[in-house]
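Inspection log for the structure reproduced underneath, given as structure tokens.
The values are calculated or read from the model by the stated rules, or taken from the named source; none is laboratory data. Values in this document were obtained by computation on a predicted structure and should not be read as measured data. As a convention, Cβ positions derive from the backbone with ideal geometry for all residues, glycine included, and neighbour counts pool all protein chains shown. When the accessible area is computed, the model is the full protein with side chains, heavy atoms only, and any ligands, DNA or RNA have been set aside. Shrake-Rupley method; radii C 1.70, N 1.55, O 1.52, S 1.80 Å.
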Amino acid sequence: MMNKPLKIAVIGGGSSYTPELVEGLINRYDEMPIRELWLVDIPEGKEKLEIVGALAKRMVEKAGLPIRVELTLDRRQAIAGADFVTTQMRVGLLKARRKDEYLPIAHGVIGQETTGPGGMFKALRTIPVILDICRDIEELAPSAWLLNFTNPAGMVTEAVNKYSKVKTIGLCNSPINFQKYLAKIYDVDEKQTLPEFVGINHLHWVTAAYVNGEDKLSELIAGNKDYVAANVTALDWDQQFLQALGAIPTYYLKYFYMTDVMYEDMLTLVGKNETRADVVSRVEKELFELYRNIELNEKPEQLQQRGGAYYSEAAVNLMHSLYTDKRDIQTLNVQNNGTLDFLPENASIEVNCVVTAQGAMPLRPQHIPESITGLIKAVKTYESLAIQAAVTGDHATALLAMVHHPLVPSVSIAQRLLKDMMEANKEYLPLFHNG
């Protein structure tokens with residue numbers, strides 16, 4: 001593919017994240033010449049697409065690059081002949097995310113975008129749409145790479161691998177954020193750091209943290225340096241627990257290891273209409289007001305508040321490495337294929353990979369603490385069942401998935417939650433309601 005001018009299609013092009021992606025593509029243009037950038041969205045997102053698209057065109061013009069930016073509601077036109085298709089979509093928009101957060105709380109269960117019942121319903125809404133997009137890719141751009149940022153990224157990647165022929169890799173900004181954190185606290189270049197990740201999307205642990213070839217994990221744990229993201233409440237880990245664990249958990253693991261505290265915190269946020277969906281809704285309104293300004297021709301600083309820091313850097317790094325056969329190490333969501341021997345071959349995992357022109361080759365972790373394998377297996381069982389339910393529209397499988405999530409305490413609660421959330425998401429779950 002090297003030296004071939006590229007066509008990139010962005011599904012969900014009207015997203016507030018798009019300017020960051022455009023900035024990343026502009027910065028890498030000399031090594032990765034893009035001929036066409038297609039931003040595609042659904043009719044409900046037309047206004048946002050036009051606002052973001054106009055900003056993208058101004059950014060490209062300011063950079064003086066010959067990139068053609070096209071805006072369309074015709075997904076097939078955008079996909080046809082594409083080299084890369086990226087997905088950053090939200091089926092049901094933020095209104096559906098708000099339900100994912102609020103409804104579980106009413107049943108005494110954590111409500112979150114990718115974790116627990118909220119994450120399950122995001123998967124049920126999203127997976128059929130992604131697989132429909134894959135059918136277009138198979139027909140119109142069979143050699144394209146699908147780079148998926150749509151949450152729950154690991155489950156979406158697994159569904160694509162199981163039910164389509166499309167070449168896909170899932171991405172999350174969590175690993176790149178940790179790498180930047182590691183470089184910052186040791187005051188070194190990122191290239192001098194190499195954290196090792198073990199797990200699945202939003203359920204991974206750092207099991208080694210190399211800085212200039214020396215593992216600093218024990219030092220980090222002893223220092224109890226808290227690591228959080230914009231969309232997860234800052235809470236200190238118990239140092240004794242971390243030392244026993246021998247690994248640094250991703251901040252999403254606070255929902256599992258500190259369930260009571262996180263639930264009470266979320267209950268407070270629900271009472272104040274301050275959940276992440278509420279906050280993001282306000283941030284997005286402010287961003288789009290900024291984007292409307294015809295004088296604006298660069299990514300605004302306020303985009304950092306959106307919670308997807310370094311998303312475009314991760315996406316563009318992956319695209320660049322596939323395009324140039326770079327063979328560098330990135331942390332990605334890929335098919336297991338025996339890498340983690342306690343999970344199924346076709347499970348999606350999140351580990352360090354060597355990125356080549358042929359794809360991302362997962363690296364077997366040096367060390368996997370026994371204490372983390374049980375939780376990974378339990379959540380993977382839930383994920384596998386939820387994916388199956390999303391594809392078949394089978395209520396019994398959906399109930400099994402809900403029951404098997406570690407954050408759902410009983411069958412009766414799962415049944416009530418499933419009923420309420422099915423009804424609340426009715427318009428986005430045709431397989432369940434029309435099957």
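One table, with the values for the structure above:
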read-out: Spatially proximal lysines relative to K165 (Cα-Cα < 25 Å; intrachain offsets below 8 disregarded); value: K4, K7, K122, K326, K380
read-out: HN-Hα J in Hz across the range 259-265 - Karplus 6.51, -1.76, 1.60, θ = phi - 60°, x for Gly and Pro; value: 4, 5, 5, 5, 5, 4, 4
read-out: Label point 7 Å beyond Cα of D30 along Cβ direction - residues of the range 180-207 with amide nitrogen under 20 Å; value: 190-191
read-out: Sparse-neighbourhood loop sites, GluC sites (Glu not before Pro) in the range 255-305 - DSSP loop, at most 10 other Cβ within 10 angstrom; value: E295
read-out: Rel. contact order, % - alpha carbon contacts under 8 angstrom, at least six apart, the chain; value: 18
read-out: For the chain, built as a Gaussian network whose Cα springs stay under 10 Å, the top-fluctuating residue of R97, R276, R35; value: R35
read-out: Rounded to whole Å, sorted largest first: equivalent-ellipsoid semi-axes of the chain, Cα gyration tensor; value: 31, 27, 22
read-out: Modelled FRET efficiency - R0 35 Å, D325 with A54, Cβ distances, 0.05 increments; value: 0.50
read-out: Of L267, T150, N333, farthest towards positive along the dipole that unit charges on Lys, Arg, Asp, Glu beta carbons give the chain; value: T150
read-out: Accessible-area composition of the range 251-344, carbon plus sulfur, in percent [1.4 Å probe]; value: 47
read-out: FRET efficiency, N297 to S412 (Cβ-Cβ, R0 60 Å, nearest 0.05); value: 0.60
read-out: For T275, distant residues with modelled amide H under 5 Å away; value: none
read-out: Potential lengthening between K46 and F342 on full extension [0.36 nm per residue; Cα-Cα distance subtracted]; value: 102.1 nm
read-out: Cα gyration tensor category, rounded, prolate or oblate, for the range 36-169 with a/c compared to 1.5; value: oblate
read-out: Area accessible to solvent at V279, 1.4 Å probe radius, in Å²; value: 40
read-out: Added length on full extension, which subtracts the Cα-Cα distance from 0.36 nm per residue, D187 to Y210; value: 7.0 nm
read-out: Segment T268-K285, extension gain: residue separation times 0.36 nm, minus the distance between their alpha carbons; value: 3.8 nm
read-out: Derived scalar couplings ³J(HN,Hα) [the range 313-327; Karplus, 6.51 cos²θ - 1.76 cosθ + 1.60; whole Hz; x for Gly, Pro]; value: 4, 4, 5, 6, 4, 5, 4, 5, 5, 5, 5, 9, 6, 5, 6
read-out: The chain, helix-only ellipticity at 222 nm - DSSP H runs n ≥ 4, -39,500 (n - 2.57), divided by all residues, nearest 500; value: -15000 deg cm²/dmol
read-out: Distance between modelled label sites at S371 and D420, nm, 7 Å Cα→Cβ extension; value: 3.4
